[in-house]
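Reviewing the structure listed below.
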Amino acid sequence: METQVSNGPSGTSLPNGPVISTNGSTDDSKTNLIVNYLPQNMTQEEFKSLFGSIGEIESCKLVRDKITGQSLGYGFVNYVDPNDADKAINTLNGLKLQTKTIKVSYARPSSASIRDANLYVSGLPKTMSQKDMEQLFSQYGRIITSRILVDQVTAGISRGVGFIRFDKRNEAEEAIKGLNGQKPLGAAEPITVKFANNPSQKTGQALLTQLYQTAARRYTGPLHHQTQRFSMIPSLGKGPDPNNSSKPILDNLLNASYGIKSSPTLFPRFSPITIDSMTSLAGVNLTGPTGAGWCIFVYNLSPEADESVLWQLFGPFGAVTNVKVIRDFTTNKCKGFGFVTMTNYDEAAMAIASLNGYRLGDRVLQVSFKTSKQHKA
DNA sequence: TCATATT
């Protein structure tokens, strides 16, 4: 990272404290993370809960549109300890939350020169891959991220348009000068390269559409998402990543934590009967939504289990507001169970139906709504 | 003619 440069060569490291540079600014290059591709409906509290499960947070912020208040889908987390920042990248990068796969990486030092460095490219040959496009643009500077949009129905055919984000705005400017109107070698048509629209300057129509979709998700539940949601399950930890970059999730975690690979074949298949029986069963002694949501009891976790495991397991099913692993006070090992709070009933029911009986490492999980112990007279 | 990456 070039972060040392901006803070000068003579930063001073204080014992157990932040690195203070000679100009008085703190060097947070080892503690400050940027988190991208967050679900639209994730709140600041959920964001903090997720990243707070790793270690003590100095500060964190979910970035929202100044006008509409809508989440812009990214945020920042600054840890107290650089080791926790590293741990957050290793355990949470690539985490699947609802339809997204989040990305966790070190934040570059904030500066005007890295803003508005995002390009929109159209007229690309349909055969051009993301790698091809990066190769074409990389001569103009360091590429932070790139994407080629693909057709939804024909699953994966390039639409011939994409995005390239450079590290610096001037690099993007040079790329426009050098590539706009040019034919990539062998291409029949020239490409168009221009600055991409800013997320804030969305049309009123697009905003309304987005608001409607958000509301529809919240109130009608995930019924028409079932296929999509369930198709994710066997791919927990593998399968193509719709968002880019990131690596396998659950299998990675399992390999790292337990040295065991989960068996997708043991995963219970979707069955309306399972859902119905589970739901009616749950209805008998259900406590109902306690406070912020529906509390789920997860049993047969390993002694090594931590909060990130619960995020991994439940995140893909919907809005998770909180997770907790119950530990022995003296050994700090998991006592074999934990709790997950989910906002929406049907998403919680879906998670339970799917994860009850799921083999995590060498254990079979028992997952259910938390029952009331008080009224068992 | 566009998914979201700099507080």
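General observations
- Test result for A:Ala88, away from DNA strand B (no atom under 12 Å from the Cβ), more than 16 Å from A:Ala196 (Cα to Cα) and free of Cβ contacts under 8 Å to residues at least 24 places away in the same chain: no
- The set of residues from segment A:92-105 being touching a Ser or Thr at 6+ places or on another chain (Cβ under 7 Å) and either modelled with pLDDT under 95 or within 8 Å of DNA strand B (Cβ to nearest atom) (or both) comprises just one member, A:Lys103.
- Exclusive hit being in contact with a strand residue (DSSP E or B) (Cβ under 8 Å, 6 or more places away or on another chain), more than 20 Å from A:Ala351 (Cβ to Cβ) and buried (at least 21 other Cβ atoms within 10 Å of the Cβ), set A:Lys103, A:Lys61: A:Lys103
- Segment A:159-180, residues that are away from DNA strand B (no atom under 15 Å from the Cβ) and in contact (Cβ under 8 Å) with a residue 12 or more places away in the chain: A:Glu174, A:Gly178, A:Leu179
- Scanning segment A:98-105 finds one or more residues that are part of a loop (DSSP other than H, G, I, E, B) and on the phi > 0 side of the Ramachandran plot.
- Taking segment A:36-62 as the range and being assigned to a strand (DSSP E or B) and near DNA strand B (Cβ under 8 Å from one of its atoms) as the test, the residues that pass are A:Asn36, A:Ser59, A:Cys60, A:Lys61.
The values are calculated or read from the model by the stated rules, or taken from the named source; none is laboratory data. All values derive from a computational prediction rather than experimental measurement. Note: ideal-geometry Cβ built from the backbone for every residue, glycine included; neighbour counts use all protein chains shown.
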